[in-house]
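Heads up: the structure comes next, in structure tokens.
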Amino acid sequence: MRARATAAAALLLALIGAGCSTGGSDEGPASDAGAEQRLTVLAAASLTETFTELARELEAENPGVEVTLAFDSSATLAQQVLEGAPADLLATADTRTIESAADALAAAPEVFATNTLVLVVPAGNPAGIESVDDLAGATYVACVETAPCGASWAALADQQGIDTEPASLEVDVKAVLARVVADEVDAGIVYASDAVAAGDAVETLDLPGSEEQVTSYALGLLEQSSEPALAQDFADLVLGETGRGVLTDAGFGVP
């Protein structure tokens, strides 16, 4: 459910060709022929589980509606909407990134969730990492600084005087998590919600000072939307009681 294209036309092909739909139910994808309305939502990778659940909720409440989701780095998605990507709603993992796409927004963005960074290690903690101090002798990965998770880690590392460089910088937080789950690295810097999503596949350690580097998630309706009313319905679902419940269960904070 992830589109990696960097241009609007390529994103459209990815959405259609990669089958990014939530499918309408757990029983299988809904056919395009039966869908009366299609909503396209571009969202930060860390929202994969929660937005998939909320999209299914919207489909269940609105027969004939099909929600198409594309997950990627917030910065990549913001650039795509500025290039005119065919989408209805954008959700980013920080306010700075969505504000950079202001020219493509139909209204002021709204904050709907918060998150903080944690340190995760593979199940069993084979490298024996007990704190952030152990990163000096370990192989760890983080996000690129253009992604909100990377910007937060850079700020936190500077604040805490951590000068150990990561072995690599991944495009988004799910890419970081995947390398930890696969036991390819000793540790990774991810959001608290990603650690919850990984379950028993990882062990979680606190990062000192992370509570001072809270990232706020924001969503905005897009000028190019072909379904503005439906996009508002999804935004209302995210911002409402149902959305708050799904987000908090997944490890997010709410504003």
> Projected onto the charge dipole of the chain (+1 at Lys/Arg Cβ, -1 at Asp/Glu Cβ, origin at the Cα centre), which of 48, 62, 77 gives the Cα projection farthest towards the positive end?
Replying inline: 77
>> Using the Cα centre of the chain as the reference point, and only Cβ charges (+1 on K/R, -1 on D/E), how large is the resulting charge dipole? Debye, rounded to the nearest 20.
In response: 480 debye
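Figure the gain on full extension for residue 111 and residue 164 (residue separation times 0.36 nm, minus the Cα-Cα span) and round it to one decimal in nm.
Numbers: separation 53, 0.36 × 53 = 19.08 nm, distance 3.26 nm.
Gain on stretching residue 111 to residue 164: 15.8 nm.
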> What fraction of the DSSP beta bridges in the chain is antiparallel, stated in percent and rounded to the nearest 5?
Replying inline: 55 percent
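Sorted by average packing, counted as other Cβ atoms within 10 angstrom per residue and highest first, what order do 59-72, 235-248, 41-54, 76-89 take?
On the way: 59-72: 19.5, 235-248: 17.2, 41-54: 25.3, 76-89: 22.2.
So the order, starting with the most tightly packed, is 41-54, 76-89, 59-72, 235-248.
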> Which whole-number percent of Cα pairs in the chain have a distance greater than 27 Å?
Replying inline: 35 percent
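Quick note: the coordinates plus some simple rules give every number you see, no bench work behind them. Predicted, not measured: the structure shown is a model, and the values here were computed from it. Reconstructed Cβ throughout: ideal geometry from the backbone, glycine too, with neighbour counts over all protein chains shown.
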